[in-house]
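The block underneath contains the structure these notes are about, expressed in structure tokens.
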Amino acid sequence: MKVAYLVGHFPTTRETFIINEVSDLVRRGVDVEIFSWRQPTADEVTHPEVAENRLLNRTRYYRIRYLWRVVGSCFFWRTLWVTRQPVSGYTFRTFEDRLRAAYFATLLRSHRHRHLHAHFVGMLGETMAQLAGLSYSFTAHCYEADVKSGGYSPQLAEALKRASTVVAASEFVRNGLRKHAEKDRQDDIHVVRCGIDAERFLPNQRIPKDIDILSVAGFNKCKGLEYLIEAAGLLKSDGIETKVAIAGWGPPERVSEMLAARSRAGAEGVVDLLGRVDSQQVRDLLTRSKIFVLPSIVDDDGHMDGLPVALMEAAAMELPLISTDVAGIPELVIDGVTGIVVPQRDPRALAGAIQTLLRDDELRERLGKAARQRVLEEFTREMNGERLLAVLRPYIEEA
């Protein structure tokens, strides 16, 4: 069995779910080849799992000097010619992107792939599958505004119609997608969560908890990190000193906005912005922390989280969770059971939830243990790897 993955760029710090997913498929005997549309940036942090599973050996990049491998192929030149016009509604904006598309399509054909899988709703994966003559599937997460709004989206409806099968990362996403799918295709949408290795994220209560609040997230606006910073400032003004650590990064303008938010909140001595961290560093931070907070929001453009892997990892480490009711998050953060759910964009409610957990060791322990149990029941990599393979098997099994 073999399958091609098309990704924006690989590896990247933020998309640990792709690393976990590909690693699990490889362990199950699937020959996975990754086609990275862009190369990772020079300052990208690489998680150790990439090296452990030798995923770079499976990754293909486009470089001008690689074109010698395909220029003798008539298929390459035909494909390059075809990309002069839109393909499946996708327009290649530059000649370099046309070269990249023709190069990858030729490799997909010459390496005898039959099926292409991609993450996120978008036309590029479908276009590449059409160019190479492959069947196609995708995993939908949930920052897509179309799913959130419930309004009709022709692009999404077409993607659902053309895909051989579709994976939804949560029940929330599947319900949203079904509104756009034709009735005879609704059963082709399958829930497969982005599972984690629960044995890699084991709790260790012997380590001193010197971090009160931990958040791990990119500086996307939909993460709502400004509200955590404001909540820390409110706690400080109420005379409650906390230590808050935020691990993550973003483009320079977002970093500036985060620093400005910390200054406005008067939280310079409370909130520590740690920058980029790899998965080992995340585990170390989780081990030292009492509470995990991710105050996700639906941002002004309709973008939102799906069901963040960072929440799963924290839950596996028996940390009580504080988050919001955005998208699939309530499928893991169950109010009063595995954590506390607060309203979006409400720093005062967030501060209150933090204060409640900091004051009650027994409550933190109870919620944390239930959080890990929830992960073991529904969010393990092994469980969801089996589900994904069952969905893809008809398209990747050898004839």
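The numbered conditions (1) in contact with a Cys (Cβ under 7 Å, 6 or more places away or on another chain); (2) within 20 Å of T16 (Cβ to Cβ); (3) charged (D, E, K, R) are all true for D299 except (2). In the stretch 353-399, the qualifying residues are those that are surrounded by fewer than 17 Cβ atoms within 10 Å (Cβ to Cβ) and among the small types (G, A, S), and the one that is nearest to Y5 (Cα to Cα) is A390. Could you tell me whether the stretch 64-87 includes any residue that is modelled with pLDDT under 95, crowded, with 19+ Cβ neighbours inside 10 Å and of a type outside the set (D, E, K, R)? Looking for residues that are modelled with pLDDT under 95, crowded, with 19+ Cβ neighbours inside 10 Å and of a type outside the set (D, E, K, R), one finds at least one in the stretch 64-87, hence yes. Listed conditions (1) surrounded by fewer than 15 Cβ atoms within 10 Å (Cβ to Cβ); (2) modelled with pLDDT under 95; (3) not charged (D, E, K, R) are all met by Y90, apart from (1). The set of residues in the stretch 283-302 that are assigned to a loop (DSSP other than H, G, I, E, B) and closer than 14 Å to E226 by Cβ comprises P295, S296, I297, D299, D300.
In the set (1) modelled with pLDDT of 95 or more; (2) of a type in the set (K, R); (3) crowded, with 20+ Cβ neighbours inside 10 Å, the condition left unmet by R174 is number (1).
Could you say whether any residue in the stretch 210-219 is surrounded by fewer than 23 Cβ atoms within 10 Å (Cβ to Cβ) and in a strand (DSSP E or B)? Yes: one or more hits. Residues that are surrounded by fewer than 24 Cβ atoms within 10 Å (Cβ to Cβ) and either under 20 Å from the mean Cα position of the chain (by Cα) or not in a helix (DSSP H, G or I) (or both) within the stretch 123-135 comprise M123, L124, G133, L134, S135, listed in sequence order. Being in contact (Cβ under 8 Å) with a residue 40 or more places away in the chain and over 20 Å from A310 (Cβ atoms) is the filter here; which residues of the stretch 261-290 pass it? Those that are in contact (Cβ under 8 Å) with a residue 40 or more places away in the chain and over 20 Å from A310 (Cβ atoms): none in the stretch 261-290. Number of residues in the stretch 317-335 that are β-branched (V, I, T), part of a loop (DSSP other than H, G, I, E, B) and in contact with an Asp or Glu (Cβ under 8 Å, 6 or more places away or on another chain) equals 1. Among residues belonging to the stretch 221-241 that are over 29 Å from the mean Cα position of the chain (by Cα) and part of a loop (DSSP other than H, G, I, E, B), point out the one that is nearest to E268 (Cα to Cα). Per the criteria, the residue is E241.
Taking the stretch 345-399 as the region of interest, the helices (runs of 4 or more DSSP H) fully inside it that hold 1 or more residues being closer than 30 Å to V32 by Cβ and among the small types (G, A, S) are 381-396.
The criterion of at least 1 residues that are hydroxyl-bearing (S, T, Y) and touching a residue at least 40 places away in the same chain (Cβ under 8 Å) is met, among helices (runs of 4 or more DSSP H) falling completely within the stretch 1-96, by 16-27, 74-82.
Against the numbered list (1) at pLDDT 95 or above; (2) part of a loop (DSSP other than H, G, I, E, B); (3) farther than 28 Å from E44 by Cα, F201 comes up short only at (3).
The values are calculated or read from the model by the stated rules, or taken from the named source; none is laboratory data. Only a predicted model underlies this, so the values are computations on that prediction, with no experimental measurement involved. Reconstructed Cβ throughout: ideal geometry from the backbone, glycine too, with neighbour counts over all protein chains shown.
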